[in-house]
Amino acid sequence: MAIDTPHIVSPIAVFDLDGTLADTAGDLVGTLNVILEREGLAPLPVAKARDMIGAGARALIERGFEAAGKELTPAYLDELFRQFMVHYGENICVRTQLYPGVAAALDRLEKAGFILAVCTNKVEEHSVKLLDELGIGRRFAANCGRDTFPYFKPDPRHLTLTIERAGGSPARAVMVGDSRTDIVTAQNAGIPVIAVPFGYTDVPVRELGPDLIIDHFDDLFAAVQTVMRPLAA
C-alpha cells in the first residue's frame, strides 16, 4: 500500500526590477529627455530625475513636465506615453546594468532550491526583453508586469498571482524591492519583504518598515534565510 508523502513547496524569492535588480535610470531618463527635447524643453540630469522613477512611465512623464513647468492634458499625456514606450522599448538596455552581486545572489538562491520570479510595474514585454538582454531572463519561473494581470502593485494580488504562476506559495515566499510600492504590496499580501536602499524611492526605505534592509546583494541569502517563514510542522 502506497504511503502518501506531503508535497513540500519550494521557497520562492520575488524581485522588483527597476531599482532592485537593475539600475535602469539612465535609459528611463534618457527616453524622458528625448520626449522633453521633442517638446522644446531642456533635458534633465539623471541625478536630478532618479527620484521621479518608480511609479511607472506615465508618472515619470508627468513629473518631468512638471519639473519643466509645462502642463499636460490627459489626451496629450496619452500620446507622449505612447511615444515613450516605443522609444524605450527600442533603447531598453543602453546604459542599464545589474546591480553588483545580483548574478551571484541569484546563483546561490537557485542552488538552495529557490524558485525565482519578477513582479514589476514595467509592462511584461519590456521586463522580459530587458532581463533577456541583461542575460538573466532564463532564471525566472515567472516575469509578471503591470499588464500581466488585471491588478498591479501595490495591489497584493499582483504579487500573489506572480507567485502562483511561478509555482510557489505565499507561505514560503519573500519579496525583494526598493520602494514604498514594493514594501506595501508585500505587507498587504502578508509576505516578508527585504528592501535595498539604492533604488528609486521618494522616501528612504528605512522609514517604510521592511522586515530587513540589505546594502549589497552579497547579503541577500542570509537576509532571506532570516525572514523566510519556517515550514509548518
Check your understanding: Before we move on, is Val34 in contact with a His (Cβ under 6 Å, 6 or more places away or on another chain) and either in contact (Cβ under 8 Å) with a residue 40 or more places away in the chain or open to solvent by 20 Å² or more (accessible area, probe 1.4 Å) (or both)?
Key -> yes
Point to revise | Enumeration of residues in the range 5-25 that are at pLDDT below 95 and either aliphatic (A, V, I, L, M) or under 14 Å from Glu164 (Cα atoms) (or both) | key: Ile8, Val9, Ser10
Point to revise | Residue identified as acidic (Asp, Glu), under 19 Å from Tyr99 (Cα atoms) and within 12 Å of the chain's Cα centre (by Cα) among Asp182, Asp219, Asp215 | key: Asp182
**Study point:** Test set (1) modelled with pLDDT of 95 or more; (2) under 20 Å from Ala104 (Cα atoms) - Gly199 fails condition number
**Key:** (1)
Revision key, fill the gap. Listed by first then second residue, the pairs whose first member lies in the range 156-179 and is at positive phi, whose partner is open to solvent by 10 Å² or more (accessible area, probe 1.4 Å), with beta carbons under 8 Å and at least 6 positions apart or on separate chains, are Gly167/Ser10; Gly167/Ile115; Gly167/Ala141
Review point. Do any residues in the range 98-112 that are buried (at least 18 other Cβ atoms within 10 Å of the Cβ) have Cβ atoms under 6 Å from those of residues that are in a loop (DSSP other than H, G, I, E, B), where the two are at least six apart or on different chains, and which pairs are they?
Key: Val102/Leu21
Check your understanding: Which ones in the range 73-125 are among the acidic types (Asp, Glu) and more than 18 Å from the chain's Cα centre (by Cα)?
Key -> Asp78, Glu79, Glu90, Asp107, Glu110
Check your understanding: Quick one: would you say Thr160 is under 22 Å from Ile53 (Cβ atoms) and either at pLDDT below 95 or buried (at least 16 other Cβ atoms within 10 Å of the Cβ) (or both)?
Key -> no
Check your understanding: So which residues in the range 80-97 are without any contact (Cβ under 8 Å) to a residue 60 or more places away in the chain and either among the hydroxyl-bearing types (Ser, Thr, Tyr) or open to solvent by 60 Å² or more (accessible area, probe 1.4 Å) (or both)?
Key -> Arg82, Val86, Glu90
**Study point:** Among (1) within 17 Å of the chain's Cα centre (by Cα); (2) of a type outside the set (Asp, Glu); (3) closer than 12 Å to Tyr200 by Cβ, the one test that Phe15 misses
**Key:** (3)
Revision key, fill the gap. For the range 203-229, pairs from a residue that is closer than 14 Å to Ala112 by Cα and open to solvent by 50 Å² or more (accessible area, probe 1.4 Å) to a residue that is at pLDDT 95 or above and not small (Gly, Ala, Ser), with Cβ under 9 Å and 6 or more apart or across chains, are Ala222/Ile214
Revision key, fill the gap. Matching residues in the range 113-128 (touching a Cys at 6+ places or on another chain (Cβ under 8 Å) and either basic (Lys, Arg) or open to solvent by 10 Å² or more (accessible area, probe 1.4 Å) (or both)) number 1
Check your understanding: How many residues are part of a loop (DSSP other than H, G, I, E, B) and either over 25 Å from Ser127 (Cα atoms) or open to solvent by 70 Å² or more (accessible area, probe 1.4 Å) (or both) if we restrict to the range 44-76?
Key -> 7
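The values are calculated or read from the model by the stated rules, or taken from the named source; none is laboratory data. What you see is a predicted model, and the numbers here were worked out from it, not measured in a lab. Reconstructed Cβ throughout: ideal geometry from the backbone, glycine too, with neighbour counts over all protein chains shown. Ligands, DNA and RNA are stripped out before the accessible areas are found, and what is left, the full protein with its side chains, is counted by its heavy atoms. Shrake-Rupley method; radii C 1.70, N 1.55, O 1.52, S 1.80 Å.
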